[in-house]
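Take a look at the structure set out below.
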Amino acid sequence: AASHGGHPCGEVVGIVRRNWRPCVGVFDLETQRGSNVLFEPQDVCLPRASVNTRQAEALANMLVVVSFDGWERHQRYPSAHYVRTIGPVGSRDAEAEAILFEHAVPVRPFSAQVQACLPPKGWTIPPEEIARREDL
């Protein structure tokens, strides 16, 4: 690696594997130019992205999911496309869903097979089991 003013520097010569995944964030309407608007991801490790959409105004103050498409050499930001809306910014349900989505936590309902393993509704721990347990 070369050095420039005491700081290491280098040049990207290629990308072996892209690790792009859909991500959650908001549209920055102050950056809108025509149908292009910048997307601000919640994950600060990800770059802002340019999204071509005609629904930017309708999605103002909404948490949205976008997917990165590519990043050409001449572009300042990678390009991405709108996938879906999660909900309003600040909404507890939308914020919770965004966190679960960002961390790839599955939120689908349990299957009938899994639910069949559960005890019947209204079941409680028997008193003899409580007496056997040691409270740490």
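Where the accessible area of the stretch 40-136 is counted over protein heavy atoms with a 1.4 Å probe, how much of it, in %, is carbon and sulfur? The partial results should precede the final answer.
Values: 4270 of 7700 Å².
C and S atoms contribute 55 percent here.
Give the ranking of Ile125, Ile86 by solvent-accessible surface, highest area first, calculated with a 1.4 Å probe.
Numbers: Ile125 65, Ile86 25 Å².
Final ranking, largest accessible area leading: Ile125, Ile86.
The trypsin sites (Lys or Arg not before Pro) of the stretch 21-80 that DSSP puts in a loop, and whose beta carbon has at most 10 other beta carbons within 10 Å, are Arg54, Arg73, Arg76. Quick check: from the Cα gyration tensor, does the chain come out rounded (a/c under 1.5), prolate or oblate? It comes out prolate by the Cα gyration axes.
Each of Arg76 and Met62 was given a label point 7 Å from its Cα along the Cα-to-Cβ line. The distance between the two points is 2.6 nm.
Considering only the other residues whose Cβ falls under 13 Å of the Cβ of Val107, what net charge follows from Lys and Arg at +1 and Asp and Glu at -1? Don't skip to the end; give the middle numbers.
Working: positive: Arg108; negative: Asp93, Glu97, Glu102.
Result for the neighbourhood of Val107: -2.
Taking the Cα centre of the stretch 9-136 as reference, the dipole from Cβ charges on Lys and Arg (+1) and Asp and Glu (-1) amounts to some 480 debye. Between the exposed loop cleavage positions of the chain, defined as chymotrypsin sites (Phe, Trp or Tyr not before Pro) in a non-H, G, I, E, B DSSP state with at most 10 neighbouring beta-carbon atoms within 10 angstrom, the longest gap is 1-109.
With a sphere of radius 11 Å drawn around the Cβ of Asn52, what net charge do the other residues whose Cβ falls strictly inside it have (Lys, Arg +1; Asp, Glu -1)? Kindly include the intermediate steps, with their values, before the conclusion.
Details: positive: Arg33, Arg54; negative: Asp69.
Neighbourhood net charge equals +1.
The accessible area of Thr53, taken with all protein chains in place and a 1.4 Å probe, comes to roughly 10 Å². Excluding ligands, DNA and RNA, the accessible surface per residue across the chain is 80 Å² with a 1.4 Å probe.
Provide the gained length on full extension for the span Ala96 to Thr124, in nm with one decimal, where the gain is 0.36 nm per separating residue minus the Cα-Cα distance. Mind showing how you got there, number by number?
Working: separation 28, 0.36 × 28 = 10.08 nm, distance 2.94 nm.
Length gained between Ala96 and Thr124: 7.1 nm.
Short-range pairs are left out: with C-alpha atoms under 8 Å and at least six residues apart, the relative contact order of the chain is 16 percent. Taking GluC sites (Glu not before Pro) across the stretch 47-107, the ones in a DSSP loop with at most 13 further Cβ atoms lying within 10 angstrom of their Cβ are Glu57, Glu72.
The values are calculated or read from the model by the stated rules, or taken from the named source; none is laboratory data. If you're wondering where the values come from, they're calculated on a predicted model, not measured in any experiment. Note that we place each Cβ from the backbone using ideal geometry, even for glycine, and neighbour counts take in every protein chain shown. These accessible areas exclude ligands, DNA and RNA; they are computed on the full protein's heavy atoms, side chains included. Shrake-Rupley method; radii C 1.70, N 1.55, O 1.52, S 1.80 Å.
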